[in-house]
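Inspection log for the structure reproduced underneath, given as C-alpha coordinates.
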Amino acid sequence: MPDQSLDLPLEKIPRHVAIIMDGNGRWAISRGLPRLAGHKAGTENLRRVIRATVEFGIKYLTIYAFSTENWGRPPEEVQGLMLILQDVIDRELNELHKEGVQLRHIGRLERLEPVIQQKVLKAIELTKNNDRLVLNVAFNYGGRDEIVQAIQRMMKDGVKPEEVTDELVGQYLYTAGVPDPDLIIRTSGELRVSNFLIWQAAYSEWYITPTFWPDFDKEEYRHALETYSQRDRRYGGVSEAVANKTNG
Ligand code: FPP
(Lines give C-alpha, C1' and ligand atoms only; values in the text may rest on other atoms or scores of the structure.)
Protein backbone atom coordinates (compact mmCIF):
# COMPACT_ATOMS: atom_id res chain seq x y z
CA MET A 1 0.00 0.00 0.00
CA PRO A 2 1.40 3.44 -0.86
CA ASP A 3 2.36 5.72 2.01
CA GLN A 4 -0.73 7.78 2.76
CA SER A 5 0.89 10.34 5.06
CA LEU A 6 0.97 14.02 4.18
CA ASP A 7 4.46 15.10 3.21
CA LEU A 8 4.36 18.73 4.36
CA PRO A 9 6.25 20.68 7.02
CA LEU A 10 4.17 21.03 10.16
CA GLU A 11 3.71 24.80 9.79
CA LYS A 12 2.22 24.28 6.33
CA ILE A 13 -0.53 21.99 7.57
CA PRO A 14 -3.71 23.98 8.32
CA ARG A 15 -4.82 23.90 11.92
CA HIS A 16 -8.45 24.27 10.97
CA VAL A 17 -10.15 23.02 7.80
CA ALA A 18 -13.81 23.83 7.10
CA ILE A 19 -15.83 22.13 4.37
CA ILE A 20 -18.96 23.02 2.43
CA MET A 21 -20.02 19.51 1.40
CA ASP A 22 -21.92 20.46 -1.75
CA GLY A 23 -23.17 18.43 -4.72
CA ASN A 24 -24.84 15.45 -3.06
CA GLY A 25 -28.07 16.09 -4.96
CA ARG A 26 -26.39 16.41 -8.36
CA TRP A 27 -24.25 13.33 -7.65
CA ALA A 28 -27.47 11.36 -7.11
CA ILE A 29 -29.42 12.82 -10.04
CA SER A 30 -26.52 12.12 -12.42
CA ARG A 31 -26.90 8.45 -11.43
CA GLY A 32 -30.69 8.42 -11.71
CA LEU A 33 -31.02 8.15 -7.90
CA PRO A 34 -33.16 10.15 -5.46
CA ARG A 35 -31.43 13.13 -3.80
CA LEU A 36 -31.38 11.39 -0.43
CA ALA A 37 -29.18 8.65 -1.90
CA GLY A 38 -26.68 11.47 -2.55
CA HIS A 39 -26.81 12.56 1.09
CA LYS A 40 -26.23 8.94 2.16
CA ALA A 41 -23.22 8.66 -0.16
CA GLY A 42 -22.08 12.03 1.20
CA THR A 43 -22.30 10.67 4.73
CA GLU A 44 -20.14 7.67 3.80
CA ASN A 45 -17.61 10.08 2.34
CA LEU A 46 -17.69 12.17 5.49
CA ARG A 47 -16.53 9.13 7.48
CA ARG A 48 -13.55 8.73 5.16
CA VAL A 49 -12.72 12.45 5.27
CA ILE A 50 -12.86 12.56 9.08
CA ARG A 51 -10.47 9.60 9.23
CA ALA A 52 -8.14 11.29 6.73
CA THR A 53 -8.27 14.52 8.73
CA VAL A 54 -7.05 12.67 11.82
CA GLU A 55 -4.32 10.94 9.80
CA PHE A 56 -3.17 14.25 8.29
CA GLY A 57 -2.73 15.70 11.79
CA ILE A 58 -5.30 18.49 11.37
CA LYS A 59 -6.69 19.59 14.73
CA TYR A 60 -10.02 21.24 13.84
CA LEU A 61 -12.56 20.26 11.19
CA THR A 62 -15.83 22.11 10.64
CA ILE A 63 -18.48 20.64 8.33
CA TYR A 64 -21.55 22.39 6.95
CA ALA A 65 -24.26 19.74 7.26
CA PHE A 66 -27.50 21.76 7.41
CA SER A 67 -27.96 25.50 7.00
CA THR A 68 -30.67 27.75 8.41
CA GLU A 69 -31.81 28.09 4.77
CA ASN A 70 -32.08 24.32 4.20
CA TRP A 71 -35.50 24.27 5.92
CA GLY A 72 -36.81 25.51 2.56
CA ARG A 73 -36.06 22.12 0.90
CA PRO A 74 -38.83 19.57 0.26
CA PRO A 75 -40.08 18.17 3.62
CA GLU A 76 -38.95 14.62 2.84
CA GLU A 77 -35.39 15.83 2.18
CA VAL A 78 -35.36 17.89 5.40
CA GLN A 79 -36.67 14.90 7.34
CA GLY A 80 -34.09 12.67 5.64
CA LEU A 81 -31.24 14.96 6.73
CA MET A 82 -32.58 15.00 10.31
CA LEU A 83 -32.63 11.19 10.29
CA ILE A 84 -29.11 11.06 8.86
CA LEU A 85 -27.81 13.21 11.74
CA GLN A 86 -29.42 10.90 14.30
CA ASP A 87 -28.21 7.82 12.48
CA VAL A 88 -24.64 9.15 12.28
CA ILE A 89 -24.65 9.77 16.03
CA ASP A 90 -26.16 6.32 16.78
CA ARG A 91 -23.78 4.44 14.51
CA GLU A 92 -20.54 6.43 14.67
CA LEU A 93 -20.34 7.98 18.12
CA ASN A 94 -18.44 5.17 19.84
CA GLU A 95 -15.96 4.87 16.99
CA LEU A 96 -15.38 8.64 16.89
CA HIS A 97 -14.92 8.65 20.67
CA LYS A 98 -12.40 5.80 20.44
CA GLU A 99 -10.50 7.74 17.76
CA GLY A 100 -10.19 10.73 20.14
CA VAL A 101 -12.60 13.00 18.27
CA GLN A 102 -14.30 15.76 20.25
CA LEU A 103 -17.73 16.56 18.82
CA ARG A 104 -19.13 20.05 18.96
CA HIS A 105 -22.20 21.62 17.45
CA ILE A 106 -22.52 25.07 15.94
CA GLY A 107 -25.94 26.50 15.08
CA ARG A 108 -29.40 26.71 16.64
CA LEU A 109 -29.74 23.48 18.58
CA GLU A 110 -32.87 24.63 20.41
CA ARG A 111 -34.81 24.72 17.13
CA LEU A 112 -34.28 21.01 16.43
CA GLU A 113 -36.55 18.20 17.62
CA PRO A 114 -35.96 17.29 21.30
CA VAL A 115 -34.80 13.77 20.42
CA ILE A 116 -32.09 15.22 18.16
CA GLN A 117 -31.08 17.79 20.77
CA GLN A 118 -30.64 15.03 23.34
CA LYS A 119 -28.50 12.90 21.04
CA VAL A 120 -26.29 15.86 20.11
CA LEU A 121 -25.86 16.90 23.76
CA LYS A 122 -25.02 13.31 24.74
CA ALA A 123 -22.37 13.14 21.99
CA ILE A 124 -20.85 16.47 23.10
CA GLU A 125 -20.76 15.36 26.73
CA LEU A 126 -19.22 11.95 25.97
CA THR A 127 -16.42 13.34 23.83
CA LYS A 128 -15.68 16.64 25.60
CA ASN A 129 -12.23 15.62 26.86
CA ASN A 130 -10.98 14.20 23.54
CA ASP A 131 -8.24 16.19 21.86
CA ARG A 132 -7.05 14.43 18.72
CA LEU A 133 -9.54 16.26 16.49
CA VAL A 134 -12.25 18.81 17.26
CA LEU A 135 -15.15 18.19 14.86
CA ASN A 136 -17.60 21.09 14.66
CA VAL A 137 -20.85 20.03 13.07
CA ALA A 138 -22.69 23.04 11.63
CA PHE A 139 -26.30 21.91 11.75
CA ASN A 140 -29.10 24.45 11.56
CA TYR A 141 -26.29 26.95 11.21
CA GLY A 142 -26.23 30.34 9.50
CA GLY A 143 -23.42 32.88 9.68
CA ARG A 144 -25.72 35.90 9.89
CA ASP A 145 -27.86 34.18 12.49
CA GLU A 146 -24.69 33.50 14.51
CA ILE A 147 -23.71 37.18 14.40
CA VAL A 148 -27.25 38.33 15.27
CA GLN A 149 -27.39 36.09 18.32
CA ALA A 150 -23.88 37.24 19.34
CA ILE A 151 -25.03 40.88 19.23
CA GLN A 152 -28.17 40.02 21.20
CA ARG A 153 -26.14 38.25 23.89
CA MET A 154 -23.63 41.10 24.12
CA MET A 155 -26.45 43.57 24.62
CA LYS A 156 -28.09 41.36 27.24
CA ASP A 157 -24.74 41.17 29.06
CA GLY A 158 -24.60 44.98 29.07
CA VAL A 159 -21.44 45.21 26.95
CA LYS A 160 -20.67 48.89 26.28
CA PRO A 161 -20.09 50.05 22.67
CA GLU A 162 -16.45 50.95 23.35
CA GLU A 163 -15.85 47.47 24.77
CA VAL A 164 -16.79 45.78 21.48
CA THR A 165 -13.65 44.47 19.76
CA ASP A 166 -12.84 41.73 17.23
CA GLU A 167 -11.80 39.46 20.08
CA LEU A 168 -14.94 40.07 22.10
CA VAL A 169 -17.21 39.36 19.13
CA GLY A 170 -15.26 36.13 18.57
CA GLN A 171 -15.98 35.09 22.14
CA TYR A 172 -19.72 35.44 21.56
CA LEU A 173 -19.77 33.29 18.41
CA TYR A 174 -20.50 29.54 18.42
CA THR A 175 -16.85 29.00 17.54
CA ALA A 176 -15.48 30.71 20.68
CA GLY A 177 -12.11 29.18 21.50
CA VAL A 178 -11.69 27.64 18.03
CA PRO A 179 -9.07 29.19 15.72
CA ASP A 180 -10.43 30.70 12.50
CA PRO A 181 -10.42 28.30 9.55
CA ASP A 182 -7.16 28.39 7.61
CA LEU A 183 -8.63 26.56 4.64
CA ILE A 184 -12.21 26.29 3.42
CA ILE A 185 -13.00 23.59 0.88
CA ARG A 186 -16.12 23.82 -1.26
CA THR A 187 -17.07 20.94 -3.51
CA SER A 188 -19.25 20.97 -6.65
CA GLY A 189 -17.82 24.15 -8.10
CA GLU A 190 -20.14 26.81 -6.71
CA LEU A 191 -18.43 30.16 -6.13
CA ARG A 192 -20.41 31.24 -3.08
CA VAL A 193 -19.89 31.63 0.67
CA SER A 194 -23.49 30.51 1.40
CA ASN A 195 -23.65 32.10 4.85
CA PHE A 196 -20.89 29.82 6.17
CA LEU A 197 -18.53 31.15 8.88
CA ILE A 198 -18.80 34.64 7.41
CA TRP A 199 -17.03 36.28 10.37
CA GLN A 200 -14.41 33.58 10.84
CA ALA A 201 -13.54 33.29 7.12
CA ALA A 202 -12.11 36.84 6.93
CA TYR A 203 -8.61 35.56 6.04
CA SER A 204 -9.27 31.94 5.13
CA GLU A 205 -7.85 30.45 1.96
CA TRP A 206 -10.34 28.75 -0.36
CA TYR A 207 -10.07 25.55 -2.37
CA ILE A 208 -12.99 25.10 -4.74
CA THR A 209 -13.32 21.96 -6.81
CA PRO A 210 -15.91 20.79 -9.37
CA THR A 211 -15.92 17.34 -7.71
CA PHE A 212 -19.25 16.45 -6.07
CA TRP A 213 -18.93 15.83 -2.33
CA PRO A 214 -19.45 12.03 -2.41
CA ASP A 215 -16.48 11.77 -4.80
CA PHE A 216 -14.12 14.07 -2.88
CA ASP A 217 -11.58 11.43 -1.83
CA LYS A 218 -8.40 11.35 0.21
CA GLU A 219 -6.22 12.02 -2.83
CA GLU A 220 -8.07 15.21 -3.66
CA TYR A 221 -8.06 16.19 0.01
CA ARG A 222 -4.28 15.79 -0.02
CA HIS A 223 -4.12 17.89 -3.19
CA ALA A 224 -6.21 20.63 -1.51
CA LEU A 225 -3.78 20.67 1.42
CA GLU A 226 -0.77 20.79 -0.87
CA THR A 227 -2.33 23.67 -2.79
CA TYR A 228 -2.96 25.47 0.51
CA SER A 229 0.67 24.93 1.57
CA GLN A 230 1.81 26.92 -1.47
CA ARG A 231 -0.38 29.94 -0.76
CA ASP A 232 1.22 33.16 0.43
CA ARG A 233 -1.02 34.29 3.30
CA ARG A 234 -0.66 38.05 3.63
CA TYR A 235 -3.60 39.02 5.87
CA GLY A 236 -3.90 42.32 4.02
CA GLY A 237 -0.16 43.03 4.31
CA VAL A 238 2.63 42.19 1.90
CA SER A 239 4.41 38.88 1.47
CA GLU A 240 7.60 38.23 3.46
CA ALA A 241 9.70 38.40 0.30
CA VAL A 242 8.36 41.84 -0.59
CA ALA A 243 8.69 43.06 3.02
CA ASN A 244 12.34 41.97 3.17
CA LYS A 245 13.09 43.72 -0.12
CA THR A 246 11.42 46.95 1.04
CA ASN A 247 13.12 46.91 4.44
CA GLY A 248 16.53 45.95 3.12
C1 FPP B 1 -25.31 19.94 -0.11
O2 FPP B 1 -25.57 19.19 -1.27
C3 FPP B 1 -25.33 19.08 1.04
C4 FPP B 1 -26.17 19.21 2.11
C5 FPP B 1 -27.17 20.28 2.23
C6 FPP B 1 -26.14 18.26 3.21
C7 FPP B 1 -24.79 17.73 3.59
C8 FPP B 1 -24.96 16.51 4.37
C9 FPP B 1 -24.18 15.43 4.34
C10 FPP B 1 -22.94 15.28 3.55
C11 FPP B 1 -24.52 14.29 5.18
C12 FPP B 1 -23.77 14.31 6.47
C13 FPP B 1 -24.65 14.86 7.44
C14 FPP B 1 -24.51 14.94 8.76
C15 FPP B 1 -25.69 15.35 9.50
C16 FPP B 1 -23.30 14.72 9.56
P17 FPP B 1 -26.84 19.59 -2.13
O18 FPP B 1 -27.97 18.73 -1.70
O19 FPP B 1 -27.08 21.05 -2.04
O20 FPP B 1 -26.38 19.19 -3.56
P21 FPP B 1 -26.85 19.88 -4.91
O22 FPP B 1 -26.32 21.29 -4.87
O23 FPP B 1 -26.18 19.05 -5.95
O24 FPP B 1 -28.34 19.81 -4.96
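The values are calculated or read from the model by the stated rules, or taken from the named source; none is laboratory data. What you see is a predicted model, and the numbers here were worked out from it, not measured in a lab. Ideal geometry is used to build each Cβ from the backbone, glycine not excepted, and the neighbour counts take in all protein chains shown. The area values use the complete protein model at the heavy-atom level, side chains included, leaving out ligands, DNA and RNA. Shrake-Rupley method; radii C 1.70, N 1.55, O 1.52, S 1.80 Å.
What pairs come out if I take residues in the stretch 126-142 that are closer than 15 Å to LEU96 by Cβ and pair them with residues that are open to solvent by 10 Å² or more (accessible area, probe 1.4 Å) and hydroxyl-bearing (Ser, Thr, Tyr) whose C-beta lies under 6 Å away, six or more apart or interchain?
VAL134/TYR60
Would you pick out the residues in the stretch 92-109 that are among the polar types (S, T, N, Q) and surrounded by fewer than 16 Cβ atoms within 10 Å (Cβ to Cβ)?
ASN94
Just to be sure before I move on: is ILE89 within 12 Å of the ligand (Cβ to nearest atom), open to solvent by less than 30 Å² (accessible area, probe 1.4 Å) and within 30 Å of GLN171 (Cα to Cα) in the structure I sent?
Yes: the conditions hold for ILE89.
Would you say GLU205 is in contact (Cβ under 8 Å) with a residue 12 or more places away in the chain, of a type in the set (D, E, K, R) and within 20 Å of ALA138 (Cα to Cα)?
yes
Quick one: in the stretch 11-29, of everything that is more than 21 Å from LEU85 (Cβ to Cβ) and either in contact (Cβ under 8 Å) with a residue 40 or more places away in the chain or under 19 Å from the mean Cα position of the chain (by Cα) (or both), which residue is nearest to the ligand (Cβ to nearest atom)? Reasoning before the result, please.
Going through the stretch 11-29, the residues more than 21 Å from LEU85 (Cβ to Cβ) turn out to be 11-16, 26, 29.
Next, only the ones that are either in contact (Cβ under 8 Å) with a residue 40 or more places away in the chain or under 19 Å from the mean Cα position of the chain (by Cα) (or both) stay: 12-16, 26.
Numbers: LYS12: 27, ILE13: 24, PRO14: 20, ARG15: 22, HIS16: 18, ARG26: 3 Å.
Checking each candidate, the answer is ARG26.
Per-residue answers, yes or no, for (1) open to solvent by 20 Å² or more (accessible area, probe 1.4 Å); (2) modelled with pLDDT of 95 or more; (3) not polar (S, T, N, Q):
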{"site": "ARG111", "(1), (2), (3)": "yes, no, yes"}
{"site": "LYS119", "(1), (2), (3)": "yes, yes, yes"}
{"site": "ALA123", "(1), (2), (3)": "no, yes, yes"}
{"site": "LYS128", "(1), (2), (3)": "yes, yes, yes"}
{"site": "LEU135", "(1), (2), (3)": "no, yes, yes"}
{"site": "GLY143", "(1), (2), (3)": "no, yes, yes"}
{"site": "ASP157", "(1), (2), (3)": "yes, yes, yes"}
{"site": "GLU162", "(1), (2), (3)": "yes, yes, yes"}
{"site": "THR165", "(1), (2), (3)": "yes, yes, no"}
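What number of residues in the stretch 187-220 are open to solvent by less than 50 Å² (accessible area, probe 1.4 Å) and either β-branched (Val, Ile, Thr) or within 14 Å of the ligand (Cβ to nearest atom) (or both)?
Residues in the stretch 187-220 being open to solvent by less than 50 Å² (accessible area, probe 1.4 Å) and either β-branched (Val, Ile, Thr) or within 14 Å of the ligand (Cβ to nearest atom) (or both): 12 in total.
Assess whether LEU81 counts as being touching a His at 6+ places or on another chain (Cβ under 9 Å) and either assigned to a helix (DSSP H, G or I) or surrounded by 13 or more Cβ atoms within 10 Å (Cβ to Cβ) (or both).
yes
Output yes when any residue across the stretch 67-78 is hydroxyl-bearing (Ser, Thr, Tyr) and more than 10 Å from the ligand (Cβ to nearest atom), and no when none is.
Scanning the stretch 67-78 turns up at least one residue that is hydroxyl-bearing (Ser, Thr, Tyr) and more than 10 Å from the ligand (Cβ to nearest atom).
Filter the stretch 1-32 down to the residues that are in contact with a Phe, Trp or Tyr (Cβ under 9 Å, 6 or more places away or on another chain) and open to solvent by 70 Å² or more (accessible area, probe 1.4 Å), then identify the one that is nearest to GLU190 (Cα to Cα).
That would be ARG26.
For the stretch 34-66, enumerate the residues that are more than 7 Å from the ligand (Cβ to nearest atom), of a type in the set (Gly, Ala, Ser) and surrounded by 18 or more Cβ atoms within 10 Å (Cβ to Cβ).
Correct list: ALA37, ALA41, ALA52.
Residue check: is LEU61 within 20 Å of SER194 (Cα to Cα), of a type in the set (A, V, I, L, M, F, W, C) and under 15 Å from the mean Cα position of the chain (by Cα)?
For LEU61, the condition - within 20 Å of SER194 (Cα to Cα), of a type in the set (A, V, I, L, M, F, W, C) and under 15 Å from the mean Cα position of the chain (by Cα) - is met.
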